[in-house]
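Every number here is computed from the coordinates shown, using simple stated rules; none is lab data. Because the structure is predicted, anything quoted here is derived from the model rather than measured. We place every Cβ from the backbone using ideal geometry, glycine too, and count neighbours over all the protein chains shown.
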Amino acid sequence: MRTNNANGRGGRASVSAQPFQIRGRFITAIAIRLGNEDFDAAFYEALDEQLRQAPQLLLDAPLILDLGMVPGLTETAALRGLVDQLRGRDLQVFGVQNVSDPQAEVAAELGLIPVTIGRDIPAEKAGNGGRRKIDKLLPPDNKLITTPVRSGQVIFAERGDLTVVGSVSSGAELIASGNIHVYGTLRGRAIAGAHGNESARIFCLRQEAELLAIAGVYRTSESIGDTLRGQSLQVFLKDEGLHLEALT
Amino acid sequence: MTTQMKEKPPLGKIIVITSGKGGVGKTTSAAAISAGLAKLGHKTVVIDFDVGLRNLDMIMGCERRVVFDFINVIQGDARLKQALIKDKRLDTLYILPTSQTRDKDALTKEGVEAVLNELKEEFDYIICDSPAGIERGAQLAMYFADEAVVVTNPEVSSVRDSDRVLGLLASKTKRAESGSSEPVKARVLLTRHDQARIDKGEMMTVDDVLEILAVPLIGIIPESQAVLRASNVGTPVILDEPSSAGMAYEDTVARLTGQDIEIRIGEERRPGLLQRLFGRTS
């Protein structure tokens, strides 16, 4: 026993001798997108007004300057003046984004980090479009599940149809870019046409679903109603509405 | 009996008693099943995985004999032999209690595996009493299991939680992750079954539950006063005076050991003819 304990302690000591540990961290930062290159009294007045209205939002939050709309701002002095003014207002500027090469150099002189993650909405849309083009080039990838889908499970068929042979429990989620087929009771959620395919359909042998959705148009069990409960049916979009039709 | 043990190697089968939802009867079932297996002569140990909310030792009536616990063994502060408590009623039954002062973070996958491997060398059945929930304690209780008994009450929230647990058994266990071996053999144990309330439509029927969970049934335990009584005196219901619940657990244990016994629905008391007539008309 004793020797065991001593060994244990020795082991622990060597572990705690490690000088540092590396940890991944996500932080939320505020971005200020600059609209023009003149940082005059009117600019700071507007900023002060913003600070008065919502001080919690900006004060002490890590802050990024978005230079995407001011490509002409390449002078060290101008940027330094701006940063000093912002810091004077307790705003914690630490980085820049959407910068050109000369701007990156200037920012580096001031100790600001060029940030490339965290795209704003228009950029994300462009990214998605690019990915969707790639998706179209890839062959469809249909998914077949032959075991019951349990509560809490999410099955995602990213490029194609999803077929489940068995039932789908309440609290489970099926998502497919194409059609969804359930050869069993559908008690969970089914989301077909997840990337916007409006001709996608949902088929099931027995409908007791919590939610049915096609291309973003959805109905919950409450709005599906009881008349079609327990029936075999197909679900499709027609006149921008979700239609449920019994399969006979 | 002991000479018999030495002749054949121990079975070393790990069975987790789990449910997701709390209060459905996991610990009661773990105590009854382990006592039942021991009664049949199988060398059995029951482990409490509910670190911080230690209950099994009380149900087993050995709470005053706890010196070292599961966590002490995992952390190397005690040997397994020191922590195992031998039951006073059955000489083939052992209890490995857990710590009341620590929390689930004290459990490590390697530590649990080492303890289970050591127990496998000596025991036929290793019963893991899982905590409620699906967090660390519950996941480690099921991770090394060969079989699972999913304790379910005939009501919707319990059934949904059991369904979630069945999903985890099929994906987050050693057997599921290795891919090559057989999946964890999971079966449902329906507890607190009350035929009168089912007839009134207040509870789900057995068929409804099985249709949703889509795994075989291992037993139906009737709602019984005997269960609460047994818990309070610290005796597994199977070892207490004869009761419908005790008999239902004995059938369940027989099915666990591979016997083919027809499922029957026990009742607390046989209502008299008049009572039955009134029950029907109301």
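Numbers below:
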| item | result |
| --- | --- |
| Part-to-part distance (alpha-carbon centres) for the range B:175-205 and the range B:115-174, which is given in Å | 12 |
| Cα-only radius of gyration and Dmax that characterise the range A:30-114, units Å | 12.1, 35 |
| Charge context of B:Thr44, other residues only, Cβ under 13 angstrom, K/R +1, D/E -1 | +1 |
| Average beta-carbon neighbours from other chains, 10 Å sphere, peptide A:152-161 | 2 |
| Amide H within-cut-off set for A:Ala157, under 5 Å, with H built and near neighbours excluded | A:Ile175, A:Ala176, A:Ser177 |
| Candidates B:Val206, B:Val253, B:Val165, ranked by Gaussian network fluctuation over chain B, Cα under 10 Å, top entry | B:Val206 |
| Centroid-to-centroid separation of the range B:211-245 and the range A:214-230 [C-alpha atoms, Å] | 40 |
| Vicinal HN-Hα couplings computed from phi for the range B:198-215 (Karplus, 6.51 cos²θ - 1.76 cosθ + 1.60; Hz; Gly/Pro x) | 5, 4, 7, x, 8, 10, 6, 7, 4, 5, 4, 4, 5, 5, 6, 7, 6, 9 |
| Neighbour net charge for A:Arg229 - beta-carbon separation under 14 angstrom, K R +1, D E -1 | -1 |
| With Cα atoms, 0 to 90° folded angle of helix B:156-169 axis to chain B main axis | 30 |
| Hull volume in cubic angstrom per residue (convex hull over the Cα atoms of the range A:143-246) | 74 |
| Other protein chain Cβ atoms within 10 Å, averaged over every residue that makes up B:110-119 | 0 |
| Given B:Lys13/B:Lys120; B:Lys43/B:Lys174; B:Lys39/B:Lys88; B:Lys8/B:Lys185; B:Lys43/B:Lys120, the pairs whose alpha carbons are separated by over 19 Å | B:Lys43/B:Lys174; B:Lys8/B:Lys185 |
| Within chain B, helix-based [θ] at 222 nm, where runs of 4 or more DSSP H residues each add -39,500 (n - 2.57), nearest 500 | -11000 deg cm²/dmol |
| Equivalent ellipsoid semi-axes - Cα gyration tensor, the range B:167-249, angstrom | 30, 20, 9 |
| Residue-by-residue Karplus 3J(HN,Hα) for the range A:202-208, coefficients 6.51, -1.76, 1.60, Hz, glycine and proline x | 10, 10, 8, 6, 8, 9, 9 |
| Length-normalised contact order for the range B:10-161 - Cα pairs under 8 Å, 6+ apart - percent | 44 |
| Under-5 Å amide H pairs with B:Arg192, H placed in peptide plane, nonlocal only | B:Ile221, B:Glu223 |
| Helix axis angle, B:109-120 relative to chain B longest principal axis, alpha carbon, degrees | 80 |
| Rg(Cα)/(2.2 N^0.38 Å) for the protein assembly as shown, N = residue count | 1.30 |
| Average Cα contact separation per residue, chain B, under 8 Å, 6 or more apart, as relative contact order % | 23 |
| Partners for B:Lys172 among aspartates and glutamates (Cα-Cα distance below 12 Å; same-chain residues under 8 apart left out) | B:Glu135 |
| Distance from the range A:61-79 to the range A:154-187 (C-alpha centre basis), Å | 48 |
| Cleavage-rule hits (GluC sites (Glu not before Pro)) in the range B:131-167: DSSP loop, at most 11 neighbouring Cβ within 10 angstrom | B:Glu135 |
| Bins of 5 Å from zero: percent of alpha-carbon pairs in the range B:1-76 | 3, 12, 21, 22, 19, 15, 6, 2, 0 |
| Taking N as its residue count, the alpha carbon Rg of the range B:83-135 over 2.2 N^0.38 Å | 1.27 |
| 5 angstrom amide H check on A:Glu210, placed H, neighbours 5+ away | A:Gly188, A:Arg189 |
| Cβ neighbours within 10 Å from other chains - mean over A:142-148 | 2 |
| Of B:Arg192, B:Arg65, B:Arg136, the one that fluctuates the most in a GNM where chain B has Cα springs shorter than 10 Å | B:Arg65 |
| Cα-based helix-to-principal-axis angle, B:26-39 vs chain B, degrees rounded to 10 | 70 |
| Value in Å of the Kirkwood radius, where chain B supplies the Cα pairs that are averaged | 19.1 |
| DSSP-defined antiparallel bridges as percent of all bridges, the range A:164-248, nearest 5 | 45 |
